[in-house]
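To start, the structure under review is shown below, and the notes come after it.
The values are calculated or read from the model by the stated rules, or taken from the named source; none is laboratory data. Keep in mind it's a predicted model, so treat the numbers as computed, not measured. When we count neighbours, we look across all protein chains shown, and the Cβ atoms used for this are built from the backbone with ideal geometry, even at glycine.
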C-alpha cells in the first residue's frame, strides 16, 4: 500500500464509528494488538517527551526503509502510536519527513483528545518526523 | 435544603458535554461558582469599580467597603482574632510563597531547618525548597504510613533546635485525610516552632477555627470554595506578620517613600502591594455564606455523608481497585478519592469517562513525592462537592465499571 492508501484506510476505518466511545474502543483494540516491545528497549532515550503517559518509540533503518516499533503504559495512547506506525512504518525517511500528517486532522483525533494527550500526539508526530529527518539522505 | 435546590444556584452544572449531562467530580481542582458569586463580581464591576483606599470619591469608598467587608467575613469564617491578620493574595500558592519569602527573610538562616510532610502538594514543597536553597537551610520530611496517615509519632524526633517552621496540609489533595493539626501545632509549639497549614482542601470540607487549631499561618484559595478565581487568603498571627518584612514592594504597602528609605504600612496593607483583585474579592462573601449553609444544613450534610460512604465502600471493596487514603476513623476522610485500577491506566480511564460526561482528575495531582511514596506513576481522583447528588455518584460507579470493562 502506498502512503496515501494507508491514510485513506485509517480514515475509512475511523469513519465506521459515529460515537467517540466506539472510536476509543477501536484505538484500544489497536493498542492491544500492537506487537510486544522488548523491555530492554524501554530506555530514557526512546521515551517521547511531552506525553503524560509513557511512550517509547524505536526506529530501525533496513534497506532504505524506516521501521518503527513502540509501546505505552496507557492503552489508548498505545492505540494512537500504533495507528501512526501503521501509516508510516516501512516508508523511506524522506517520504515521512516530507509528510504533512494532515490525515490526523481528517479523523478529528487531535480535537477529541484531552489537551494533555493532544500535546502528546503532537510530540509523537514531531518525534517521528525528527527521526526521519535525521535518517534522510 | 435538597442538593437539587443547591444545584439550581449553579448554572454551570446544567452544561452538557458531548451531549451528556456534565457530572463534575473535579471539585478538588476547582469548585463551580454559584449565581450569587457571579452576581457579586458583576455588581462590583457595574456599581463599585474603583481602586481601593486611595481616593476620596464615593465609588472608591464603596469599593473599599466591599473589599474590607470581605476581609471581615473571612476573619469571622476562620475565627481569626483580628481583621488585619487576614491578607488577601491570589491563592493558596501565593500565600505560601509570601510566607516562605517573608518569614524566611526574618527567621531562617544557614543551617536552619524547615519541616514539610510527604503528603504535600507541590505548592507546599517548592516554596520551602527555594527558601532552603536561598538560605542554605535544610528541608526535612515527615513521612506517611501505608494508609496515608502522617507518622505523627516521628515528629518530635524530627524537630531540632534549628527547626524554624513546619508546613503541613490540613487535608491532602490526594488522600483526602484530615490531619491532626491541633496535635501537630501543640508538638511544634512545645519546641517553639510555628506551623503553617495549607487549607486549600481543608477549608472546603471543615469548619476552620484558626484559634482553636492554634496554627500560626493558615492559607486557602477562593476558587476551591465557590468564590471567584484569583482570590486567596493568608491568615497569620499578628505578632508574626508584624515581625516579617514585606514580600513585594509597590503602592498601598508603604507608609512613606523617600529615596533615602521607605517605611511600611501597617498590617494587612504591608503585604498587599499594588492594585488588589478589586472585583473578585467581594465574591468571597456570598461564597462563604453558601459554604456555611453547606456545613450547617442537615440535608446537605447527610447527602455528602451518604455519597462518601457509598463511594468509599465501592472503591474499598472492588477487587481491581486500590484506594489510597484510608484513615482509621471515617470522620477524618473527606469525599475525595484517589485510586488505581489494576490493569487499566488512570489516563485511559479519565479519557473514556470524560466521553461519558464525567470530569475527573488523573495523573500525579501536583504531589509527585507522594506518588513516589505510594509507588505509582499517577492515580485517578474523584472529588465531590455539596452539589453532587447520589445519582451522580451511582452514575460514576456504573461508568467506571464500563470503562474498566473496555480496558481490561
Verdict on residue B:90 being touching a residue at least 60 places away in the same chain (Cβ under 8 Å), under 22 Å from the mean Cα position of the chain (by Cα), buried (at least 23 other Cβ atoms within 10 Å of the Cβ) and in the same structural domain as residue B:140 (by TED's automatic domain parsing) = no
Scanning the range A:1-14 residue by residue, the ones that are over 23 Å from residue A:92 (Cβ atoms) and surrounded by 12 or more Cβ atoms within 10 Å (Cβ to Cβ) total 2
Just to be sure, is residue B:37 modelled with pLDDT of 95 or more, over 30 Å from residue B:243 (Cα atoms) and buried (at least 22 other Cβ atoms within 10 Å of the Cβ)?
-> yes
Filter result for residue B:407 (surrounded by 19 or more Cβ atoms within 10 Å (Cβ to Cβ), touching a strand residue (DSSP E or B) at 6+ places or on another chain (Cβ under 9 Å), touching a residue at least 60 places away in the same chain (Cβ under 8 Å) and within 14 Å of another protein chain (Cβ to nearest Cβ)) | yes
Going through the range B:22-65 in order, the residues found to be within 30 Å of residue B:200 (Cβ to Cβ), part of a helix (DSSP H, G or I) and out of contact with any helix residue (DSSP H, G or I) (no Cβ under 9 Å at 6 or more places or on another chain) are B:42, B:45, B:64, B:65
Could you give every pair whose Cβ atoms fall below 6 Å, whose first residue belongs to the range B:8-21 and is under 18 Å from residue B:351 (Cβ atoms) and within 14 Å of chain A (Cβ to nearest Cβ), and whose second residue is surrounded by 14 or more Cβ atoms within 10 Å (Cβ to Cβ) and modelled with pLDDT of 95 or more, counting only separations of at least 6 or pairs across chains?
-> B:17/B:357; B:20/B:357
Yes or no: residue B:301 more than 14 Å from chain A (Cβ to nearest Cβ), more than 19 Å from residue B:395 (Cα to Cα), crowded, with 22+ Cβ neighbours inside 10 Å and in contact with a helix residue (DSSP H, G or I) (Cβ under 8 Å, 6 or more places away or on another chain)?
-> no
Exception for residue B:283 within (1) outside any helix (DSSP H, G or I); (2) surrounded by 20 or more Cβ atoms within 10 Å (Cβ to Cβ) falls at (1)
Filter pass, residue B:351 being within 14 Å of another protein chain (Cβ to nearest Cβ), assigned to a helix (DSSP H, G or I) and within 28 Å of residue A:24 (Cβ to Cβ) | yes
Kindly state which helices (runs of 4 or more DSSP H) lie completely within the range A:1-93 and contain at least 2 residues that are more than 14 Å from chain B (Cβ to nearest Cβ) and in contact (Cβ under 8 Å) with a residue 12 or more places away in the chain.
-> A:3-15, A:75-88
If residue B:247 passes every condition in (1) touching a helix residue (DSSP H, G or I) at 6+ places or on another chain (Cβ under 6 Å); (2) within 27 Å of residue B:263 (Cα to Cα); (3) assigned to a helix (DSSP H, G or I) but one, which one does it miss?
-> (3)
Could you say whether any residue in the range B:148-158 is surrounded by 15 or more Cβ atoms within 10 Å (Cβ to Cβ), out of contact with any helix residue (DSSP H, G or I) (no Cβ under 7 Å at 6 or more places or on another chain) and part of a helix (DSSP H, G or I)?
-> yes
Of the conditions (1) under 23 Å from residue B:309 (Cα atoms); (2) away from chain A (no Cβ under 14 Å), residue B:370 clears all except one; give me its number.
-> (1)
Filter the range B:334-345 for residues that are more than 18 Å from residue B:384 (Cα to Cα) and buried (at least 22 other Cβ atoms within 10 Å of the Cβ); which is farthest from the chain's Cα centre (by Cα)?
-> B:344
Taking the stated definitions as given, is residue B:175 free of Cβ contacts under 8 Å to residues at least 40 places away in the same chain, within 28 Å of residue B:379 (Cβ to Cβ) and touching a helix residue (DSSP H, G or I) at 6+ places or on another chain (Cβ under 8 Å)?
-> no
Residues within the range B:332-348 that are in contact (Cβ under 8 Å) with a residue 60 or more places away in the chain and assigned to a helix (DSSP H, G or I), tallied | 1
Within the range B:108-126, restricting attention to residues that are part of a helix (DSSP H, G or I) and touching a residue at least 60 places away in the same chain (Cβ under 8 Å), which residue is nearest to residue B:181 (Cα to Cα)?
-> B:124
Just wondering, is there one or more residues in the range A:84-106 that are surrounded by fewer than 21 Cβ atoms within 10 Å (Cβ to Cβ) and within 17 Å of residue B:352 (Cβ to Cβ)?
-> no
